[in-house]
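In what follows, a structure is listed as structure tokens, so that the remarks can point back to it.
The values are calculated or read from the model by the stated rules, or taken from the named source; none is laboratory data. Being a predicted model, the structure only gives us computed values, none of them experimental. Every residue, glycine as well, gets a Cβ built from its backbone with ideal geometry; the counts of neighbours run over all protein chains shown. Protein only, heavy atoms only, side chains kept; ligands, DNA and RNA dropped before computing areas. Shrake-Rupley method; radii C 1.70, N 1.55, O 1.52, S 1.80 Å.
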Amino acid sequence: MRILLAILALFLGISITSKADDRPNIVFVFSDDHAPHAIGAYDGWLKSVNPTPEIDELAADGMLFQNSFCTNSICGPSRAVIQTGKHSHKNGFMNNGNSFDWNQQTFPKLLKKVGYQTALYGKSHLKGHPQGYDDWMVLPGQGLYYNPDFITPEGKKRIDGHCTDVVTDLAVQWLKEKREDGKPFMLMVQHKAPHRNWMPAERHLHLYDDIEMPEPTTLFDRWEDNTLAAKYQELEVDGHMHINHDLFLDLTPDFDDDKELKTDKSAFRNLQRMSPTQVKAWRDAYGPKDEAFHKANLSGDDLVRWKYQRYAKNYLRCVKGVDESVGRLRDVLAELELDDNTVVIYSSDQGFYIGDHGWYDKRWMYEESFKMPLIVNWPGVTDGGSVNMELVQNIDYAPTFLAMAGADIPEDIQGKSLVPLLKKQQEGKFRDAVYYHYYEYPSVHMVPRHYGIRTDRYKLMKFYQFGEQWEMYDLEKDPDELTNIYETADKELVDGMKKKLEDLRVHYDDNSHEPEYPLEKKKGFWPTFAK
Ligand code: CA
């Protein structure tokens with residue numbers, strides 16, 4: 001069609017302008033630590049509180065990927081995988097302590113080469129100035145929830161407001177003022193929320209005040225069937241979630257009086273940046289709740305339940321801001337008449353434990369943190385409300401964006417384009433198994449290194465730092481992964497999974513080092529907080 005238009009234009013003596021470019025725009029909305037089970041459309045146990053009406057609407061208009069996974073469940077590495085379409089051991093960003101080599105091949109650079117205008121706003125978490133973007137403004141490191149600073153090509157800049165709103169504003173402003181008419185674009189809107197420590201916007205501070213959050217069935221899991229790794233972690237709501245740092249108990253201080261800051265001051269830097277109005281809203285929201293908590297004098301399981309309630313509510317209040325951002329961005333696309341030719345994608349860098357297994361945080365290959373939300377609305381291509389069950393991973397995002405733009409996919413990209421799935425043109429299985437490798441140990445939360453594979457039905461995990469330890473689960477019979485069948489399952493089945501794992505390690509060329517750690521050095525990286 002484009003060739004015909006070109007011939008016609010030649011014949012009529014007019015030049016083809018970029019207006020004839022019908023390649024889709026891409027708006028990639030990406031949050032931090034938003035677990036699929038905290039999205040209504042994913043039908044998880046938090047669905048009853050209706051946490052995400054706007055994201056649910058996106059799913060109702062597009063395709064939801066039910067079996068979408070990360071390759072390495074932690075912030076920076078997931079982003080590096082998305083930039084490159086390659087596993088962590090190939091892109092070099094294996095844990096949050098690494099720096100990303102921005103000089104390497106990334107998908108935004110390749111999109112620019114084929115004529116896309118590119119922009120990035122919000123959390124990058126990859127250190128250094130982003131490359132491959134015409135416009136960008138990123139949070140330094142984890143960034144702040146209230147009145148955040150941004151790194152810009154011109155230097156550091158503070159913008160007042162709640163981070164989720166500020167990032168959305170920057171994206172909207174770019175769409176309205178910096179976008180070039182007639183040129184396809186790729187815009188990344190990357191929210192800090194709902195990352196720890198969970199600080200909702202002023203308007204959401206009282207959301208869910210009147211309800212009890214449903215509890216996960218595994219809130220009091222004691223990891224009886226797991227290997228040593230699960231017993232040595234430090235991410236328990238009970239023992240490790242800090243009641244001041246994470247839950248803001250008694251943090252409604254008069255900011256002139258340092259004595260009221262009861263613990264590590266670094267945790268409260270953000271509270272100290274707040275405006276008097278923001279402080280007042282915060283104090284009004286948490287003051288009475290803190291008072292009630294002290295009166296109740298809770299201990300044991302009751303205290304865990306209280307911590308879980310406060311945590312889940314703040315987490316979902318932060319999610320609410322992200323959800324509103326998705327709605328606002330879609331409204332602006334419609335207002336600018338871009339909605340018909342813009343693919344809107346919602347995803348988050350990994351899943352998260354919202355009290356599941358008694359935990360918060362991520363890192364594990366267990367389902368709650370291994371899964372990533374992935375919802376794609378490609379107008380005219382995806383069927384509204386469709387659900388895809390194929391095994392997909394964040395290595396697939398880069399080749400998908402390139403395929404959408406009609407660009408060549410370089411051979412060294414390890415992922416596969418999802419376009420055949422989106423177009424319902426996939427013949428046969430997309431993939432047999434997904435591969436995972438987590439590296440950040442010893443480090444905060446003390447989740448040991450492990451790798452593994454997951455098929456439609458089974459998951460095999462190998463922990464290798466203090467002897468060789470295996471876990472295997474039948475996800476059909478045991479979706480919560482409470483019964484380790486590694487020793488009891490049919491030997492042929494276990495051997496088949498082990499062979500598949502080795503095959504994938506060869507396929508993805510993962511020979512990454514397997515350091516061992518003596519057992520006695522393992523505990524205590526993250527201080528255990530008083531309960
Ligand atoms: Ca994250």
Notebook entry, point to check: Which whole-number percentage describes the relative contact order of the chain, with Cα contacts under 8 Å and a sequence gap of 6 or more?
Noted result: 24 percent
Next item on the list: Please state, as a whole number in µm²/s, the translational diffusion coefficient that the Stokes-Einstein equation yields for the stretch 26-433 at 10 °C and 1.306 mPa s, with Rh defined as the Kirkwood radius across alpha carbon pairs.
Entry: 73 µm²/s
Next item on the list: For the stretch 424-506, run through the GluC sites (Glu not before Pro) and keep only the ones in DSSP coil with at most 13 other Cβ atoms within 10 Å of their Cβ.
Entry: GLU427, GLU468, GLU476, GLU487
Notebook entry, point to check: Under Stokes-Einstein, with the Kirkwood radius over Cα pairs standing in for Rh, what whole-number D in µm²/s applies to the stretch 78-117 at 4 °C and 1.567 mPa s?
Noted result: 122 µm²/s
Check: When the C-alpha atoms of the stretch 293-333 are aligned to their principal axes, what extent does each axis show, in angstrom, from largest down?
Finding: 50, 17, 6
Next item on the list: Report, by chain and number, residues whose modeled amide H sits under 5 Å from the one on VAL387, excluding near sequence neighbours (fewer than 5 apart, same chain).
Entry: LEU64
Check: Given the Cα-Cα distance of THR277 and MET389 and 0.36 nm per residue of separation, how much length would full extension add, in nm?
Finding: 35.6 nm
Item checked: Integer Hz, Karplus 6.51/-1.76/1.60 couplings in order for the stretch 500-510, x for Gly and Pro -> 4, 4, 5, 4, 6, 4, 5, 4, 8, 6, 9
Margin query: Show me the GluC sites (Glu not before Pro) within the stretch 360-413 that DSSP assigns to loop and that have at most 13 other Cβ atoms within 10 Å of their Cβ.
Written below: GLU411
Item checked: Translational diffusion coefficient (Stokes-Einstein; Kirkwood radius from C-alpha pairs) of the stretch 153-199 at 20 °C, 1.002 mPa s, in µm²/s -> 170 µm²/s
Check: Could you work out Rg/(2.2 N^0.38 Å) for the stretch 424-503, with Rg from alpha carbons only?
Finding: 1.22
Checklist line | Å² of accessible area per residue within the stretch 286-349, as computed with a 1.4 Å probe and no ligands counted | finding: 38 Å²
Note to self: With only alpha-carbon atoms in the gyration tensor, what are the semi-axes of the equivalent ellipsoid for the stretch 262-331, in Å, largest first?
What the structure shows: 27, 19, 12
Check: Between LEU374 and residues 5 or more places away or on another chain, which pairs have amide H atoms under 5 Å apart, with H built 1.01 Å from N, and which residues are they?
Finding: PHE65
Check: Given Cα pairs under 8 Å that are at least 6 residues apart, what percent is the relative contact order of the stretch 436-530?
Finding: 26 percent
Checklist line | Rg/Rg_globular for the stretch 31-174, with Rg_globular taken as 2.2 N^0.38 Å and Rg from C-alpha atoms | finding: 1.14
Item checked: Neighbour net charge for ASP134 - beta-carbon separation under 15 angstrom, K R +1, D E -1 -> +1
Next item on the list: Kindly write out, for the stretch 298-303 in residue order, the coupling ³J(HN,Hα) from the Karplus curve 6.51 cos²θ - 1.76 cosθ + 1.60 (θ = phi - 60°), rounded to whole Hz, with x marking Gly and Pro.
Entry: 7, 8, x, 4, 5, 5
Item checked: Gain upon complete extension [LEU228, LEU482; 0.36 nm per residue less C-alpha separation] -> 90.0 nm
Checklist line | Cα coordinate range in the stretch 309-426, projected on the principal axes (Å, largest first) | finding: 46, 39, 24
Check: Zone of LYS423 (label point 7 Å along Cα→Cβ, backbone N under 18 Å): which residues in the stretch 51-73?
Finding: 63
Notebook entry, point to check: GluC sites (Glu not before Pro) within the stretch 286-366: which are DSSP loop residues with at most 16 other Cβ atoms inside 10 Å?
Noted result: GLU337
Next item on the list: Enumerate the calculated ³J(HN,Hα) couplings along the stretch 430-437 in order (Karplus 6.51 cos²θ - 1.76 cosθ + 1.60, θ = phi - 60°), each rounded to whole Hz, writing x wherever the residue is Gly or Pro.
Entry: 6, 6, 7, 7, 9, 10, 9, 8
Notebook entry, point to check: So what is the accessible area of the stretch 410-503 per residue, in Å², with the probe set to 1.4 Å?
Noted result: 44 Å²
Margin query: Cα atoms only: what Rg and Dmax, in Å, come out for the stretch 120-246?
Written below: 19.4, 59
Notebook entry, point to check: Around SER31, which amide H atoms from residues at least 5 apart in sequence, or from another chain, sit under 5 Å from its own amide H, with H modelled in the peptide plane?
Noted result: HIS191, SER347, SER348, ASP349
